[in-house]
Amino acid sequence: MAVNINCDMGESFSLYKMGEDEAIMPYVTEANVACGFHGSDPNHMRSTVELAKSHNVKVGAHFSLPDLAGFGRREMKIERAEMANIVIYQIGALKAFLDMSGVKLNHLKPHGALYGMAARDEHIAHAISDAAEFYDVPIFGLSGTLHEEIYTQRGLKFRAEFFADLDYDDAGNLLITREHHAVDADDVSAKALRAVTDGIVVSLNGKEVPVKAETICIHSDTPGVLKTAKALWAALEDHLEIN
């Protein structure tokens, strides 16, 4: 099965720099571009879209809770209709820059705390689905959670995502942290390759857990991400879906 490597990108804001987008872009096939609510701004959205286009990298909308100060990694209580509108607003902002650059919207992906909430809270997963129905592109999410259950139930395209630079618990749940710690590039690439070829990840406690991996995620704010991206590309090159 062909896979992609995706990365959360375009998260710099104003004069504040986040990640190494220019260096990383040659080693990913999909860019999840921040839409302004956890990171990014109009200038960075546009420049990231243009950077991705120059490397023939597919672009998706990486939308968040309205939590710029907390980088979208703090949970919030928001009702379904409002949450859907928040998501639509962010996708629309990025879509305008994509249209102007002649780039197609490739996928949708919730960010941070919103990603975790959608995996277990029905009204949040439905809110994302309410927004996604209009765009007819895949939504990235965790297999075996409400991401897969509700998105597919609603007739939406679902892509199982594996996080190479984050840890999993014994139940196969992703451990979402406020700050990403440094990782070993070789360990990350070996972990991702096993997820792709064997459908297995070893949890933080050493248990083998089944996973699905159709697209592999790394984060631009993980220390040493460029080395990780290069190692991951080399490990997965024979499996990549490169257009």
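The values are calculated or read from the model by the stated rules, or taken from the named source; none is laboratory data. Just so you know, these numbers come straight off a predicted model, no measurement behind them. Ideal geometry is used to build each Cβ from the backbone, glycine not excepted, and the neighbour counts take in all protein chains shown. The protein model used for the area step is the full one, side chains on, heavy atoms only, and it has no ligands, DNA or RNA in it. Shrake-Rupley method; radii C 1.70, N 1.55, O 1.52, S 1.80 Å.
Structure notes:
- Inter-probe distance in nm under a simple model that places probes 7 Å from Cα toward Cβ, at Ser47 and Ala69: 2.6 nm
- Segment Glu20-Asp184, extension gain: residue separation times 0.36 nm, minus the distance between their alpha carbons: 57.3 nm
- Overall dimensions of region 92-217, expressed as equivalent-ellipsoid semi-axes from the Cα gyration tensor (√(5λ), whole Å, largest first), are 27, 17, 14.
- Using the Stokes-Einstein relation with a Kirkwood hydrodynamic radius computed over Cα pairs, the translational diffusion coefficient of region 121-174 at 20 °C and a viscosity of 1.002 mPa s comes to 183 µm²/s.
- Pairs exceeding 29 Å between alpha-carbon atoms, taken from Lys77/Lys109; Lys95/Lys157; Lys53/Lys230; Lys53/Lys207; Lys109/Lys227; Lys17/Lys227: Lys53/Lys207.
- Build a GNM of the chain with springs between Cα atoms under 10 Å apart, and of Ala229, Ala132, Ala190 the one that fluctuates most is Ala190.
- When shorter helices are ignored and each DSSP H run of at least 4 residues is given -39500 (n - 2.57), the per-residue value for the chain at 222 nm works out to -12000 deg cm²/dmol.
- When peptides 234-240, 57-63 are sorted by average Cβ neighbour count within 10 Å, with the highest value leading, the order is 57-63, 234-240.
- FRET efficiency, 1/(1 + (r/R0)^6) with R0 25 Å, evaluated for Leu175 and Ala81 via beta carbons: 0.25
- FRET efficiency for Asp238 and Phe134, using Cβ-Cβ distance with R0 set to 45 Å, rounded to 0.05: 0.80
- Region 156-243 shape via C-alpha gyration tensor axes, a/c threshold 1.5: rounded
- Contact order relative to length of region 91-243, as percent, for alpha carbon pairs under 8 angstrom and 6 or more apart: 19 percent
- The chain, accessible surface, carbon-and-sulfur percent (1.4 angstrom probe): 51 percent
- Amide proton proximity set for Ser143, modelled H, under 5 Å, gap of 5+: Glu161, Lys212
- From the coordinates shown, mean projected area of the Cα convex hull in nm² corresponds to which of (i) 13.7; (ii) 11.6; (iii) 14.6: (ii)
- Fully extended contour minus Cα-Cα distance, from Val202 to His55, at 0.36 nm per residue: 49.6 nm
- Calculated accessible area for the chain comes out at 44 Å² per residue, all protein chains present (probe 1.4 Å; ligands, DNA, RNA ignored).
- Highest-first packing order for the peptide set 110-119, 40-49, 152-161 is 110-119, 40-49, 152-161, based on the mean count of other beta carbon atoms within 10 Å.
- Computed from point charges on the beta carbon alone (+1 for Lys and Arg, -1 for Asp and Glu), the dipole magnitude for the chain about its Cα centre is near 360 Debye.
- Highest-fluctuation residue, Leu108, Leu226, Leu204 considered, GNM on the chain with Cα pairs under 10 Å: Leu204
- Anisotropy class of region 197-243 from Cα gyration tensor, a/c 1.5 cut: oblate
- Alpha carbon centroid spacing (whole Å) that separates region 68-82 from region 150-209: 23 Å
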